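Some notes on the structure that comes next.
The values are calculated or read from the model by the stated rules, or taken from the named source; none is laboratory data. Since we're looking at a predicted model, the values are computed, not measured. Virtual Cβ from ideal backbone geometry, glycine too; neighbours counted across all protein chains shown. Just so you know, the surface numbers come from the protein's heavy atoms only, side chains and all, with ligands and any DNA or RNA stripped out. Shrake-Rupley method; radii C 1.70, N 1.55, O 1.52, S 1.80 Å.
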Amino acid sequence: MALLEIRNLHAQIQGVEILKGIDLAIERGETHAIMGPNGSGKSTLAKVLAGDPSYEVTGGEVYFQDRNLLELAPEDRAREGVFLGFQYPVEIPGVSNTYFLKAALNAIRKYRGEQELDAMEFLQLIKERAKSVKLDEALLRRPVNDGFSGGEKKRNEIFQLAVLEPYLAILDETDSGLDIDALRTVADGVNSLRSEERGFLVITHYQRLLNYIIPDKVHVLLHGRIVKSGGKELAEELEESGYALFEEAAA
Amino acid sequence: MSATTKTLEELTNRKYEAGFITDIEQDTVPPGLDEDIIRFISEKKAEPEWMLEWRLKAYRNWLQMPVPQWANVYYPPIDFQAISYYSAPKRKEDMPQSLDEIDPKLKETYDRLGIPLHEQEMLAGVAVDAVFDSVSVATSYKAKLREKGIIFCSMSEAIQEHPELVRKYLGSVVPYTDNYYAGLNSAVFTDGSFVFIPKGVRCPMELSTYFRINAANTGQFERTLIIAEEGSHVSYLEGCTAPVRDENQLHAAVVELIALDDAQVKYSTVQNWYPGDEEGRGGVYNFVTKRGLCAGNNSKISWTQVETGSAITWKYPSCVLRGDNSVGEFYSVAVTRGRQQADTGTKMIHMGKNTRSTIVSKGISAGHGQQSYRGLVRITPKAENARNYSQCDSMLMSATCGAHTFPYIDVQNPTAQLEHEATTSKIGEEQILYCNQRGIATEDAVSLIVNGFCKEVFRTLPMEFAVEAQKLMEITLEDSVG
């Protein structure tokens, strides 16, 4: 069975249907990209998978490693191994990045019946991971995302991903607001975390991120439906012709 | 024996025969307030004449004072004649000599509140002067303190043993004319703590008192006086909780701090009195006057408060910075939930040259809680180069709660520098989702976020108190997001 399998997923917010029947399967080790214009439902898909309570699932099924994902609370989805890199990472003043991540990692380990890490083991781990994603160690002591630049916030998301080691990482417009150098660093971080065990779902507006994170599959999302799927060349095609071509297909 | 006293005694005895609300025997006067009641209290405590005179002056002045209406809190008028003004645990033959000897029932209550005295004593080396209702029933570490010349005792004892100090300083920071509730307190206060740190002495331990309201319908009028002589240091901890009662319980304490040249006083409070039921019925009215006087040059007074209880809180721990280079600090976390109302803040009165003050106020409102920060920073004409930094942050946890800010700034000297920062945030569903998405359960997320919000204040608390405060916060705000 696939790592993630989405079948005919419908979801709405405040009575407005955003997702109108999504079908998608991601295998372990695969990286999928979802592209689409503003308002097509990209971020909604990411948030529905994470369990954001402001969205209501009105139909369909989602299975993650054979578990019915939609039945799980958001924290249990995370503990099962679903990670969402937020488009707008949230600030938590007064809570250090280190403290936050330790609480997160140990909650996940506890859920899985693994031994919680003590302070020394944890510090060693985060120092190593910070290095691997080129995160300034000073950020570890700062409050979660508080006063971080846009680039630092995104890098911090990738750093958290590196520490929590999920089975599926959903990256919601991780490239937005990044200059080309920051984009590269983030992409390098992601690439270093790709493995046979892990799937990625990369959500983006632009093709440029996909020059650095080469996807196995690309899906075009329009008006809440996947209107076309293909290989990485689909992204290039989109870059040239825009979404207009698919608008007609969708209509 | 005068006729009045006789009547009073009869009444007292009748009440006595009728039995008591707690199992600990109490000595309670019938409800009501007049000069005879004040004479009764004074006599009961075998006070000297000057003390009685002071009380009576305070009472006569109080009668002329209007009930303050300016606070942003709402409650039915208090019937001061319906309150009983004296209640003390019955002393059997002797006062307990050690904590092991204290009434097991009392100990049990403390234990239920999570404040085991003996553990406190052993773990933290804290000298405990426990106030049960109005009279001290347990004191410890006295010998150790006495070696250093430190006096730490109940106010009643201080009036007997150290009348010269009490006479000199009582009412010197908060005169009985100050405000309505301070006036009432001056007339009828029953007990409290007295601390005197002699010149050049650093108090070797945190001093702590656990206040607790027990008798139903008995006003609590604590009086605390802390004097730090030249170059001395003291840190005082006060923590309070109360059991469930139906009647509103008025608590009108007065705390006075005096710091002479180069002295430092740190006063920390964790207050968790009964806040009332879901409709706000039966909670404690906490109308307290706390003020510190930096009388000497280079002196420092620091207030830290964590206020989670009471139906209504009306409290402004303040600093009068009279000495040159003196420093005042106020760090506060206040939580209102259910139907709780709080109007709290501070006053920093700059009088000396180069005086500095810092205000950090964190307000958290949940449920239908209403909270106001009210603060005054006054720079008087002679206060050259005064500085103040104020920060008032409010966090809202529900759609039905409220946060209000009333900062008053009165600058009469052009060399002053003042900064004021204020923020209001809603504990985000986004913040919670973010934590959830990293595997952190919602209740842990709330505690994490709230403790982060309060961090600047908690870190000013002594270690063991900080841990307690964090725990208290977690318990208080369980299921509060919505």
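See the values below:
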item: Every residue from the range B:171-202 that is part of a loop (DSSP other than H, G, I, E, B) and open to solvent by 20 Å² or more (accessible area, probe 1.4 Å); result: B:S172, B:P175, B:Y176, B:T177, B:D178, B:N179, B:P198, B:K199, B:G200, B:V201
item: Breaking point among (1) assigned to a strand (DSSP E or B); (2) more than 18 Å from the chain's Cα centre (by Cα), for B:D324; result: (1)
item: Every residue from the range B:455-470 that is more than 7 Å from chain A (Cβ to nearest Cβ) and within 30 Å of A:A50 (Cβ to Cβ); result: B:Q470
item: Verdict on A:V90 being away from chain B (no Cβ under 14 Å) and either in a loop (DSSP other than H, G, I, E, B) or under 25 Å from A:V190 (Cβ atoms) (or both); result: no
item: Residue tally, condition in contact with a strand residue (DSSP E or B) (Cβ under 6 Å, 6 or more places away or on another chain), of a type in the set (A, V, I, L, M, F, W, C) and more than 7 Å from chain A (Cβ to nearest Cβ), over the range B:426-453; result: 1
item: Check on A:P53, at the interface with chain B (Cβ under 8 Å from one of its Cβ atoms) and either part of a strand (DSSP E or B) or out of contact with any Lys or Arg (no Cβ under 6 Å at 6 or more places or on another chain) (or both); result: yes
item: Any chance B:S357 is at pLDDT 90 or above and under 24 Å from B:A311 (Cβ atoms); result: no
item: For A:T44: the one exception among (1) more than 11 Å from chain B (Cβ to nearest Cβ); (2) in a helix (DSSP H, G or I); (3) within 18 Å of A:E165 (Cα to Cα); result: (3)
item: Wholly within the range B:379-482, helices (runs of 4 or more DSSP H) carrying at least 1 residues that are among the hydroxyl-bearing types (S, T, Y) and without any contact (Cβ under 8 Å) to a residue 12 or more places away in the chain; result: B:429-437
item: Residues located in the range A:109-153, provided they are within 13 Å of chain B (Cβ to nearest Cβ), more than 12 Å from A:S96 (Cβ to Cβ) and open to solvent by 70 Å² or more (accessible area, probe 1.4 Å); result: A:K110, A:Y111, A:R112, A:E114, A:E116
item: From the options B:Q412, B:Q417, residue that is surrounded by fewer than 18 Cβ atoms within 10 Å (Cβ to Cβ), under 26 Å from B:I349 (Cβ atoms), in contact with a Pro (Cβ under 9 Å, 6 or more places away or on another chain) and more than 10 Å from chain A (Cβ to nearest Cβ); result: B:Q412
item: Criterion: over 13 Å from A:F86 (Cα atoms), surrounded by 22 or more Cβ atoms within 10 Å (Cβ to Cβ) and within 13 Å of chain B (Cβ to nearest Cβ) - qualifying residue of A:L210, A:L161, A:L168; result: A:L168
item: Test result for B:V360, within 14 Å of chain A (Cβ to nearest Cβ), in a strand (DSSP E or B) and either closer than 21 Å to B:S302 by Cβ or open to solvent by 40 Å² or more (accessible area, probe 1.4 Å) (or both); result: yes
item: Residue within the range B:320-336 that is in contact with a Phe, Trp or Tyr (Cβ under 6 Å, 6 or more places away or on another chain) and more than 15 Å from B:R387 (Cα to Cα) present; result: no
item: Residue selected from the range A:93-108 under the condition in a strand (DSSP E or B) and at the interface with chain B (Cβ under 8 Å from one of its Cβ atoms), by the criterion nearest to B:C454 (Cα to Cα); result: A:G94
